[in-house]
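Trainee: Pasting in a structure now, in structure tokens, and then I'll have a few things to ask.
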Amino acid sequence: MKFIADRDILQREILIAHDIISGSNMISILSNVLIEASDNTLRIQATDLKVSFQTQIPIDTEIPGSTTVTCDKFLNVLRSFPEGDIDFELIENRLVISRKKERINFKLRCIPPQDYPSFTTFDEKTLTIGAQDFSEMIEQTIISVSDDETRFYMNGVYMEPGQNSLIMVSTDGRKLSYIERNLSSEVPFFEPVIIPPKFLNLIKKTSSREGSVDIAVSDTHIFADFDSHHLSSTLIEGKYPNYKRVIPMNQSKMCSIASKEFMEALKRVSLLVDQKSRRLLIDIEGDSLILSSEEQDLGAAKEQLTCEYNGEPIRMVMNCQYLMNPMRVINSDRVVLAFQDAGKAVTLRPDPEKDFFHVIMPMS
Amino acid sequence: MKEAVLFHVDMDAFYASVEQCDNPSLRGKPVIVGGTSTRGVVSACSYEARTFGVHSAMPMFQARIRCPQGVFVQGRMKRYEEVSGAVMDILGSFAPEVQQISIDEAFLVMTGTEGIYGAPLEAGRRLKQLIRDELQLTISVGIGPSRFIAKMASDAGKPDGLFQVLPGEEQLFVNSLPLSKLWGVGPKTIESLRSMGCTAPAHLQRYSEAQLRELFSPSLGSYLYRAVRGIDPGILMGAPKSRSISNETTFEHDISDIEVIKGYVLELSHQVMFRTMQEHLVGCTPFVKYKLATMQSFTCQQTIREPVLNAHQLYDTATKLLLGRWDGSPPLRLVGVGLSSLTQEDTVQQSLFEDEQSQRQRDVEQAVLRLRERGNRLSKASSLARGFEKKQK
């Protein structure tokens with residue numbers, strides 16, 4: 001195998017491979033990335049056995065061939081090169097990475113590709129969605145995924161077909177994020193799936209947000225094709241909780257606030273909330289919303305904002321983080337806090353309404 | 001200020017009494033509850049069985065030799081918990097403030113109830129009658145000016161006892177007890193005391209607090225100093241800001257019977273949970289501690305997202321943790337249960353999903369909380385008594 005590749009193009013893809021592989025055992029073939037040169041394209045493949053990734057980049061191939069090389073070292077070597085073309089050649093189980101001009105020469109030990117897990121792809125796509133739409137759906141929901149391993153079925157984003165729409169939901173039992181996006185094309189029925197966040201984060205992070213994403217769902221796997229990337233992941237097995245039951249209906253009290261002011265006040269007051277419980281007090285009365293921390297050993301914080309509110313004076317206690325995470329992704333000039341009573345669920349959504357919202361349980 | 005009146009209520013041979021109560025043919029017979037396997041150990045026995053020299057933690061085969069006519073019963077923890085709940089309900093309607101400390105024990109704060117029930121002894125008699133009428137169970141009641149004294153007084157009267165230590169007579173009472181009956185003094189401490197030539201509480205009174213703190217650990221020293229003078233050393237007064245709450249039992253004989261160990265874990269779980277509730281705390285990290293007959297100690301813990309809300313939940317996690325590591329051999333010398341990662345109760349994050357089970361558990365929890373809140377207002381004691389009459393109908 002012998003080829004010439006551009007450092008920047010190659011490094012970008014190896015970085016994605018690295019994201020997938022990182023954390024796996026250094027001595028196994030799974031810490032290696034597979035590269036295969038043919039017909040002036042380089043196929044790159046990485047897997048942690050759950051999430052698999054494959055992509056192609058243009059290269060100048062002199063001798064076709066393939067091998068696997070430790071991803072971590074490979075990435076560091078690429079990073080160390082000045083930008084421009086790099087020569088690669090496989091000589092006796094060593095990948096020689098060099099550039100004559102600067103007299104740089106690396107030799108990385110390789111493992112033959114025969115034992116590398118094969119990449120499975122799908123036969124028939126389930127649906128197509130705009131890359132921008134899908135990234136937004138991920139952004140709104142990924143923040144509420146549970147990392148509690150005892151409730152593994154909540155360790156992913158739930159995706160199900162709606163009526164000409166796609167629904168994605170996540171919850172950790174304390175907060176819930178929901179988005180339903182209408183799609184221009186029809187959404188065929190498929191069995192709802194629970195998708196690991198690693199897969200979705202990779203899409204969010206690597207997608208150009210241009211064009212579309214082809215998604216295929218099988219009993220055990222989900223596949224996504226976008227840009228020149230093929231990504232697959234095992235699904236999380238288990239029964240997702242009946243989320244519809246906990247989405248509050250009939251919330252008659254609404255408090256509308258300017259997003260930027262609210263977020264900045266949250267950031268300031270959060271400096272002095274209890275670091276463990278993250279307890280934040282919210283007092284709403286008339287057109288005033290007061291955020292405050294409880295008195296700590298270190299001190300206290302309090303800030304008053306102007307709001308539009310239609311109900312009785314109320315005090316709510318919430319985990320500050322549960323408000324800040326959705327506020328970072330809501331991306332609208334104003335937001336609404338909707339609720340019924342102090343001890344009940346609060347819905348945080350953009351004002352005017354869009355196709356997503358976040359439900360947050362208060363503290364008691 | 002009114003003289004403090006504390007009751008300590010202890011159910012006599014609790015597990016065995018429940019068996020006798022559920023199965024009248026067992027009444028008057030030596031009932032022995034415990035693991036029925038060959039390696040089993042007695043977890044409780046009726047007083048009839050005790051006259052044969054059977055006692056708890058005795059190997060089953062030995063109990064069979066001493067009491068061949070005994071009725072041997074496999075323990076039913078669920079049922080015992082149920083009956084315990086019924087007893088606590090009655091105590092809750094009888095006393096202004098109840099502090100349950102284990103599955104079969106509770107403290108009642110009876111200060112200022114003379115107007116309702118008469119003298120403390122009379123109140124004790126009424127309570128015993130009430131439990132007997134309602135549940136056909138006998139209890140022992142100890143009455144004293146502090147929890148510490150009340151606890152030992154109930155022991156002094158057992159079974160079916162009613163024993164009062166009057167204010168001012170604490171020292172006399174303690175002097176009349178053997179060291180082993182002093183609450184909080186275990187076999188290990190007794191051993192070291194014996195090596196110092198102390199075999200009775202009176203012997204210990206020669207030492208100053210500083211000397212005892214020097215001889216033992218500072219906390220045990222101070223504890224002993226107060227205990228032998230009949231002053232409540234402050235057990236269960238709820239030291240604030242404890243970072244974990246735990247309790248443990250060292251067995252007289254090493255135990256390999258899983259069922260018997262479960263019984264201990266259940267009891268310890270109750271004790272830990274009630275102390276946790278008393279201090280208005282919730283914890284997310286249950287742990288178990290165990291020591292093998294070979295003296296190796298182990299602790300394992302699990303942190304869960306939602307705080308442990310009741311003793312049953314704690315018991316479940318604790319037994320899972322223990323049985324994941326220990327399968328009955330080698331035998332255990334000690335088992336302990338605890339709860340850490342404690343936070344104030346009022347910072348509890350609510351959940352979106354409340355399955356029916358946890359909803360019920362929460363209801364129980366809240367009922368206990370209400371009881372306690374009610375107890376804080378002594379003026380309401382009379383309405384409590386009325387509430388109880390209603391309940392009886």
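Trainee: Based on this model, can you work out whether A:Thr150 counts as within 13 Å of chain B (Cβ to nearest Cβ) and crowded, with 16+ Cβ neighbours inside 10 Å? Give the steps one after another, and end with the answer.
Mentor: Working: within 13 Å of chain B (Cβ to nearest Cβ): yes; crowded, with 16+ Cβ neighbours inside 10 Å: no.
When the stated conditions are applied, A:Thr150 does not pass them.
Trainee: Go through the range B:191-223 and count every residue that is of a type in the set (A, V, I, L, M), crowded, with 16+ Cβ neighbours inside 10 Å and more than 21 Å from the chain's Cα centre (by Cα).
Mentor: Pass one, the range B:191-223, residues of a type in the set (A, V, I, L, M): B:193, B:196, B:200, B:202, B:204, B:210, B:212, B:215, B:220.
Filter once more, keeping what is crowded, with 16+ Cβ neighbours inside 10 Å: B:193, B:200, B:204, B:212, B:220.
In the following step, the residues that additionally are more than 21 Å from the chain's Cα centre (by Cα) were identified as B:193, B:200, B:204, B:212.
Count: 4.
Trainee: Would you call A:Met327 within 14 Å of chain B (Cβ to nearest Cβ) and either closer than 13 Å to A:Ala265 by Cβ or modelled with pLDDT under 95 (or both)? Reasoning before the result, please.
Mentor: Working: within 14 Å of chain B (Cβ to nearest Cβ): no; either closer than 13 Å to A:Ala265 by Cβ or modelled with pLDDT under 95 (or both): yes.
The answer is no for A:Met327.
Trainee: Enumerate the helices (runs of 4 or more DSSP H) found wholly within the range B:121-233, keeping only those where 3 or more residues are within 30 Å of B:Ser46 (Cα to Cα) and touching a Ser or Thr at 6+ places or on another chain (Cβ under 7 Å). Quick ask: steps written out before the conclusion?
Mentor: Working: elements: B:147-157, B:170-175, B:187-195, B:201-204, B:209-215, B:218-227.
In the range B:121-233, no matching helices (runs of 4 or more DSSP H) lie anywhere.
Trainee: Being over 30 Å from A:Lys175 (Cβ atoms), without any contact (Cβ under 8 Å) to a residue 24 or more places away in the chain and either under 18 Å from the mean Cα position of the chain (by Cα) or crowded, with 17+ Cβ neighbours inside 10 Å (or both) is the requirement here; does A:Ile86 meet it? Before the answer, list the steps.
Mentor: Numbers: over 30 Å from A:Lys175 (Cβ atoms): yes; without any contact (Cβ under 8 Å) to a residue 24 or more places away in the chain: no; either under 18 Å from the mean Cα position of the chain (by Cα) or crowded, with 17+ Cβ neighbours inside 10 Å (or both): yes.
Criteria not met by A:Ile86.
Trainee: Follow-up question, since we're still on this one. Counting only residues that are outside any loop (DSSP other than H, G, I, E, B), closer than 15 Å to B:Gly263 by Cα and not hydrophobic (A, V, I, L, M, F, W, C), how many does the range B:60-91 have?
Mentor: Of the residues in that region, 6 qualify.
Trainee: Scanning the range A:303-322 for residues that are within 13 Å of another protein chain (Cβ to nearest Cβ) and of a type in the set (A, V, I, L, M, F, W, C), which turns out surrounded by the most Cβ atoms within 10 Å (Cβ to Cβ)?
Mentor: A:Met318
Trainee: Okay, next question. Do any residues in the range B:167-195 that are closer than 14 Å to B:Ala150 by Cβ have Cβ atoms under 6 Å from those of residues that are modelled with pLDDT under 85 and of a type outside the set (Gly, Ala, Ser), where the two are at least six apart or on different chains, and which pairs are they?
Mentor: What qualifies is B:Pro167/B:Glu3.
Trainee: Conditions first: (1) among the charged types (D, E, K, R); (2) closer than 24 Å to A:Ile179 by Cβ; (3) within 14 Å of another protein chain (Cβ to nearest Cβ). A:Arg279 passes all but one, so which condition is the exception?
Mentor: (2)
Trainee: Output the residue which, of all residues in the range A:162-193 that are away from every other protein chain (no Cβ under 14 Å) and touching a helix residue (DSSP H, G or I) at 6+ places or on another chain (Cβ under 6 Å), is nearest to A:Val346 (Cα to Cα). Explain how you work it out, then say what you get.
Mentor: Initially, the range A:162-193 is screened for residues away from every other protein chain (no Cβ under 14 Å), giving A:162-168, A:179-193.
Of the ones still in play, those that are also touching a helix residue (DSSP H, G or I) at 6+ places or on another chain (Cβ under 6 Å) are A:168, A:179, A:181.
On the way: A:Met168: 19, A:Ile179: 16, A:Arg181: 22 Å.
Checking each candidate, the answer is A:Ile179.
Trainee: I've got another one for you. Look at the range B:1-58 and say how many of its residues are of a type in the set (Asp, Glu) and buried (at least 18 other Cβ atoms within 10 Å of the Cβ).
Mentor: Of the residues in the range B:1-58, 4 are of a type in the set (Asp, Glu) and buried (at least 18 other Cβ atoms within 10 Å of the Cβ).
Trainee: In addition: Looking at the range B:267-278 only, could you name the residues that are of a type in the set (A, V, I, L, M) and crowded, with 24+ Cβ neighbours inside 10 Å?
Mentor: We begin by selecting, within the range B:267-278, every residue of a type in the set (A, V, I, L, M); these are B:268, B:272-273, B:277.
Answer for the range B:267-278, where residues must be of a type in the set (A, V, I, L, M) and crowded, with 24+ Cβ neighbours inside 10 Å: B:Leu268, B:Val272, B:Met273.
Trainee: Could you say whether any residue in the range A:133-140 is touching a residue at least 40 places away in the same chain (Cβ under 8 Å) and within 14 Å of chain B (Cβ to nearest Cβ)?
Mentor: Within the range A:133-140, none of the residues are touching a residue at least 40 places away in the same chain (Cβ under 8 Å) and within 14 Å of chain B (Cβ to nearest Cβ).
Trainee: Here's something else I'd like to know. Exactly one condition in (1) touching a Phe, Trp or Tyr at 6+ places or on another chain (Cβ under 9 Å); (2) part of a strand (DSSP E or B); (3) not basic (Lys, Arg) is false for B:Leu321; which is it?
Mentor: Among (1) touching a Phe, Trp or Tyr at 6+ places or on another chain (Cβ under 9 Å); (2) part of a strand (DSSP E or B); (3) not basic (Lys, Arg), the lone unmet condition for B:Leu321 is (2).
Trainee: For the range A:348-363, state whether one or more residues are surrounded by fewer than 22 Cβ atoms within 10 Å (Cβ to Cβ), at pLDDT below 95, assigned to a strand (DSSP E or B) and within 12 Å of chain B (Cβ to nearest Cβ).
Mentor: Looking through the range A:348-363, at least one residue is surrounded by fewer than 22 Cβ atoms within 10 Å (Cβ to Cβ), at pLDDT below 95, assigned to a strand (DSSP E or B) and within 12 Å of chain B (Cβ to nearest Cβ).
Trainee: Among the residues of the range A:194-214 satisfying the criterion of being over 24 Å from A:Asn242 (Cα atoms) and assigned to a strand (DSSP E or B), which is nearest to the other protein chains (Cβ to nearest Cβ)? If you could, list the steps in order and put the result at the bottom.
Mentor: Quick first cut of the range A:194-214, residues over 24 Å from A:Asn242 (Cα atoms) only: A:201-214.
This time we only want the ones that are assigned to a strand (DSSP E or B), so: A:212-214.
Numbers: A:Ser212: 33, A:Val213: 30, A:Asp214: 33 Å.
It comes out as A:Val213.
Trainee: Please pick out the residue among B:Thr319, B:Thr285, B:Thr343, B:Thr303 that is more than 14 Å from chain A (Cβ to nearest Cβ) and not acidic (Asp, Glu). First the steps, then the outcome.
Mentor: Working: B:Thr285 fails: more than 14 Å from chain A (Cβ to nearest Cβ); B:Thr343 fails: more than 14 Å from chain A (Cβ to nearest Cβ); B:Thr303 fails: more than 14 Å from chain A (Cβ to nearest Cβ).
Selected residue: B:Thr319, the only one of B:Thr319, B:Thr285, B:Thr343, B:Thr303 that is more than 14 Å from chain A (Cβ to nearest Cβ) and not acidic (Asp, Glu).
The values are calculated or read from the model by the stated rules, or taken from the named source; none is laboratory data. Nothing here was measured: the structure is a model prediction, and the numbers come from that model. Ideal geometry is used to build each Cβ from the backbone, glycine not excepted, and the neighbour counts take in all protein chains shown.
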